[in-house]
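Here is the structure we will look at.
Readers should treat all values here as calculations from the given coordinates under stated rules, not as data from a laboratory. None of the values given here were measured: they were computed from a predicted structure. So basically every Cβ, Gly included, is an ideal-geometry build from the backbone, and we count neighbours across all protein chains shown.
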Amino acid sequence: MNSSQLKPSSVSQSHWRDQLRSAYSDPQALLDALGIRVDEAKLLSHAPFPMRVPQALAARIQPGNPNDPILKQVLPVDLEQTSQPGYLDDPVGDQASRQTRGLLHKYRGRALLITTGACAVHCRYCFRQHFPYAQEHMGGSYSEQAIDYIATTPSINEVILSGGDPLMLSTERLTQLTDRLAQVPHIERLRIHTRLPIVLPDRVTDHLTQWLSSLPWPVVVVVHANHAQEFDGPVDQALAKLKQAGALLLNQAVLLKGINDDADQLVALMERGFLSGALPYYLHRLDKVTGAARFEVPEEKMAGLMHELRVRLSGYLVPKLVTEIAGQPYKVPVL
Ligand SMILES: *Cc1c(COP(=O)(O)O)cnc(C)c1O
């Protein structure tokens, strides 16, 4: 791999699907491309939740740095295979909130659609990494069941497209879905939870923004970046296009040991996200999902971090630190 292949700008804008196909799936190949040495015994080459890193994201990893904050989010390591007490396959009670195939109804007023199991990046802390997508995503004809549930539940006024990542669907499929949702009169807002504008910014095509601006509801797009280093020119452009299409942009992050559990890094993330057009939404405490224990930040440390953020940031740049507790009717504020 030469360095020009790592430059996102060298990849044609219309080919986000090609970029998905050329994503790194072999940890050693990624490390070789970046000139990073990691003890081979510590790598997990055939992880059950395989590595997936688009080249556009790999281009933002600092060559030669084994502690790079992006690399740590995506590199499968042997520690994932050590089981830890309190870490579960479904830490947030998704299965209990399942109403029909592909639809989670956990909080009043909001229904969440598992539009697909696929994502462009496999974050090692992903709370849905053990989710049974093969049976549970809202594929093909099954979407009718989910739409029926929404149509017959008048208290639902917001639909959240989630996954996997909803922007892994073609714009045609998204259009079919929102055309159906548009027939449900009590929907007032659409929310899209996606990491693609960050990890694969070329997904934000003109076709996608035309679809967004044609929707009959106010649209909120919640992106997901954990570190200021995840932002670059192409990400700025992608977010600017989403904003131009009328979406309100928010960013959510997960507090991750060794990645962003530091006041300077968090301040930089919130300020950089703002420059790119996204206000902070949630800062999630790690969901205790099997395999992710190495990312846990102790509770005592969180208090100090939140204090620092409140001291140093404008009020609107302070994220809400929350945790998800199965069975609770909202995401619970931590501090
Ligand atoms: C997080 C989540 C939501 C959205 O919650 P907000 O607090 O409104 O962001 C909705 N449904 C499910 C199943 C969720 O996990």
**Request:** Project the alpha carbons of the range 236-335 onto their principal axes and report the range along each, largest first, in whole Å.
**Result:** 38, 31, 25
**Message:** Can you tell me how the chain classifies by the Cα gyration tensor, rounded, prolate or oblate, using a/c under 1.5 as the rounded cut?
**Reply:** rounded
**Asked** Normalised by the number of residues in the chain, what is the relative contact order in percent for Cα pairs under 8 Å and 6+ residues apart?
**Response** 16
**Request:** Taking all pairs of distinct Cα atoms, average 1/r, flip it, and tell me the Kirkwood hydrodynamic radius of the range 4-120 in Å to one decimal place.
**Result:** 16.8
**Fill in**
HN-Hα couplings for the range 71-87 via Karplus (6.51, -1.76, 1.60; θ = phi - 60°), in whole Hz with x for Gly/Pro, come out as 3, 4, 6, 10, 8, x, 10, 4, 4, 5, 8, 8, 7, 10, x, x, 9
**Fill in**
Stretched fully, the stretch from Asp262 through Ala41 gains (0.36 nm per residue minus C-alpha distance, one decimal, in nm) 76.7 nm
**Request:** Would you mind calculating the relative contact order of the range 223-335 from Cα pairs under 8 angstrom and at least 6 residues apart, reporting the percent as a whole number?
**Result:** 26
**Complete:** Residues other than Asp236 with Cβ under 14 Å of its Cβ, Lys/Arg counted +1 and Asp/Glu -1, net out at 0
**Complete:** Listed residues Ser97, Ser25, Ser314; largest mean-square fluctuation, Gaussian network over the chain with Cα springs below 10 Å, found at Ser314
**Fill in**
Residues whose built amide H sits under 5 Å from the amide H of Tyr24, excluding neighbours closer than 5 in sequence, are Val53, Gln55
**Message:** For a 23 Å ceiling on Cα separation, which of these pairs sit above it: Lys301/Lys331; Lys72/Lys288; Lys257/Lys320; Lys42/Lys257; Lys42/Lys331?
**Reply:** Lys42/Lys331
**Request:** At a Cα cut-off below 20 Å, give the aspartates and glutamates reachable from Lys106, other chains included and same-chain residues fewer than 8 away excluded.
**Result:** Asp89, Asp90, Asp94, Glu136, Glu144, Asp148, Glu158, Asp165, Glu188, Asp287, Glu324
**Message:** Under the rule of at least 5 residues apart or a separate chain, name every residue whose amide H is placed under 5 Å from the amide H of Val77.
**Reply:** Leu44
**Prompt:** Which residues' amide hydrogens lie under 5 Å from the amide hydrogen of Asp261, considering only partners 5 or more residues apart or on another chain, with H built in the peptide plane?
**Reply:** Leu256
**Message:** Under the rule a/c < 1.5 gives rounded, and otherwise a/b versus b/c splits prolate from oblate, where does the range 168-321 land using the Cα gyration tensor?
**Reply:** prolate
**Message:** Between Asp26 and Gln84, what's the calculated FRET efficiency when r is the beta-carbon distance and R0 is 25 Å? Round to 0.05.
**Reply:** 0.40
